[in-house]
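The values are calculated or read from the model by the stated rules, or taken from the named source; none is laboratory data. Note that the structure is a prediction, hence the values are computed from the model and not measured. Here the Cβ positions follow ideal geometry from the backbone for every residue, glycine too, while neighbour counts run over all protein chains shown.
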Amino acid sequence: MSLKNVIVIGGSGNVGREILASLLESRAEFGTISALKREGVPASEILQKFARQGVQILEANFKDKASLVKAFKGADAVISTVNAPAFDDQYNFVDAAIEAKYPLSA
């Protein structure tokens, strides 16, 4: 399985920015490299810098699974590097990533 479309959550943090930088160094191996930020919050200077280097900036409401599913559509991998205050959001990240990749039918 190849990972062509990768989303990093927490891309402006210490770990997330290192992951984004490494992905960019190997950009020929990827289709789309994206960073997910919180909906309604301006992109940080760090994310803006990555955007100028080709990283797609996505946004979603971290508390709303449907918003996350929409952001995760087409992703082969979702990497979360959020810090302690956002740890509980990771339950939504996992549920949304699964649903985005394997939609549930009614």
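Considering only residues that are among the hydrophobic types (A, V, I, L, M, F, W, C) and more than 11 Å from Gly11 (Cα to Cα), which ones fall in the stretch 34-50?
Applying the first criterion (among the hydrophobic types (A, V, I, L, M, F, W, C)) to the stretch 34-50 yields 35-36, 41, 43, 46-47, 50.
Val41, the sole residue that qualifies.
Among Ala43, Ala28, which is the only one that is in contact with a helix residue (DSSP H, G or I) (Cβ under 8 Å, 6 or more places away or on another chain) and either in a helix (DSSP H, G or I) or surrounded by fewer than 18 Cβ atoms within 10 Å (Cβ to Cβ) (or both)? Lay out the reasoning, then the answer.
On the way: Ala28 fails: in contact with a helix residue (DSSP H, G or I) (Cβ under 8 Å, 6 or more places away or on another chain).
Unique residue meeting the criteria: Ala43.
Got a number for residues in the stretch 20-48 being within 16 Å of Phe62 (Cβ to Cβ) and either at pLDDT below 95 or in contact with a strand residue (DSSP E or B) (Cβ under 9 Å, 6 or more places away or on another chain) (or both)? Outline the logic, then answer.
Taking the stretch 20-48 as the starting set, the residues that turn out to be within 16 Å of Phe62 (Cβ to Cβ) are 34-44, 47.
With either at pLDDT below 95 or in contact with a strand residue (DSSP E or B) (Cβ under 9 Å, 6 or more places away or on another chain) (or both) added as a condition, the list becomes 34-41, 43-44, 47.
The qualifying residues number 11.
All but one of (1) in contact (Cβ under 8 Å) with a residue 60 or more places away in the chain; (2) β-branched (Val, Ile, Thr); (3) touching a Ser or Thr at 6+ places or on another chain (Cβ under 9 Å) hold for Val55; which doesn't?
(1)
Restricting to the stretch 49-95, and then to whatever is assigned to a helix (DSSP H, G or I), in contact with a strand residue (DSSP E or B) (Cβ under 8 Å, 6 or more places away or on another chain) and at pLDDT 95 or above, can you tell me which residue is nearest to Arg17 (Cα to Cα)?
Phe50
Mind checking which pairs have a first residue in the stretch 6-28 that is among the polar types (S, T, N, Q) and a second that is surrounded by 15 or more Cβ atoms within 10 Å (Cβ to Cβ) and at pLDDT 95 or above, Cβ under 8 Å, 6 or more apart or different chains?
Listed by first residue and then by second, the contacts come to Ser12/Ala35; Ser12/Lys37; Ser12/Ser44; Ser12/Ile46; Ser12/Leu47.
Only residues that are surrounded by fewer than 16 Cβ atoms within 10 Å (Cβ to Cβ) and either charged (D, E, K, R) or in contact with an Asp or Glu (Cβ under 9 Å, 6 or more places away or on another chain) (or both): list them for the stretch 11-25, please. Spell out the reasoning first.
Going through the stretch 11-25, the residues surrounded by fewer than 16 Cβ atoms within 10 Å (Cβ to Cβ) turn out to be 14-15, 18, 21-22, 24-25.
Selection gives Glu18, Glu25.
Among (1) over 19 Å from Leu24 (Cα atoms); (2) surrounded by fewer than 15 Cβ atoms within 10 Å (Cβ to Cβ), there is one condition Gln56 misses while meeting the rest; what is its number?
That leaves (1) as the condition not met.
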